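Report on the following structure.
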Amino acid sequence: MVGAPAAIPDMLALVVATTEDLGLVERARAGDDAAFGELVSEHEKTVLRTAWRLVGNAEDARDIAQEVFLRLHRTLGRLDPKRGVGAWLYRVTVNLALTALRKRKRHPESSLENIVRRAAGGIERLEQERRTDAADARRLLAPVLEKLTGKERAAVILRDLEGLDMKAVAHALGCRQVTVRSYLSRGRLKMRNAVTGPGGPP
């Protein structure tokens with residue numbers, strides 16, 4: 001169902017209900033499997049990319065994306081498409097990713113080498129359609145993001161990498177905008193310190 005992410009789409013279209021989404025949701029509710037397939041195709045690359053940025057490896061990102069769309073199918077009857085299918089997908093993706101990160105902390109990998117090898121392989125597959133300089137930049141960013149808590153990482157990724165506005169980030173994280181600002185402030189500070197060291201240039 002889910003493939004490698006391509007270029008970043010127009011993020012505004014993902015958090016605002018579209019006429020196309022409204023129609024696809026209604027058709028899918030009526031049992032039109034093709035309509036649901038179109039809905040998945042429209043959003044799957046963004047869900048996969050967001051999950052990968054949050055959890056840091058391709059295998060877990062694909063599992064999360066799969067679960068997101070299974071939940072979407074089960075939730076169609078209760079979903080309000082006027083509020084934006086994309087906004088719902090972001091929130092579920094973030095929740096599943098944070099759960100995966102918590103489980104990873106409780107059951108850490110037995111070998112750092114395994115983590116590096118798996119992450120490197122996932123990045124290579126996911127970035128094969130991207131330019132080399134973009135792939136290199138993301139590989140450099142990954143260990144910096146590891147310094148952040150789950151909520152801090154989610155806030156930074158959704159706001160600074162995905163380009164969502166504060167309201168959309170708050171909705172995805174299930175908190176107030178002032179809390180998002182706090183996550184962003186702490187997360188950006190940790191990232192800056194990881195790159196320049198404490199007390200380095202802003």
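Throughout, read-outs are computed from the coordinates displayed, never taken from laboratory work. Computed from a predicted model, the values in this text were never measured in an experiment. Methodologically, a virtual Cβ is constructed for each residue, glycine included, from the backbone with ideal geometry; neighbour enumeration extends over all protein chains shown.
Observations on the structure shown:
- Entries of K103/K190; K45/K103; K105/K147; K105/K151; K45/K147; K103/K167 with Cα pairs more than 21 Å apart: K103/K190; K45/K103; K45/K147; K103/K167
- Highest to lowest packing among 189-195, 72-78, scored as the average C-beta count within 10 Å: 189-195, 72-78
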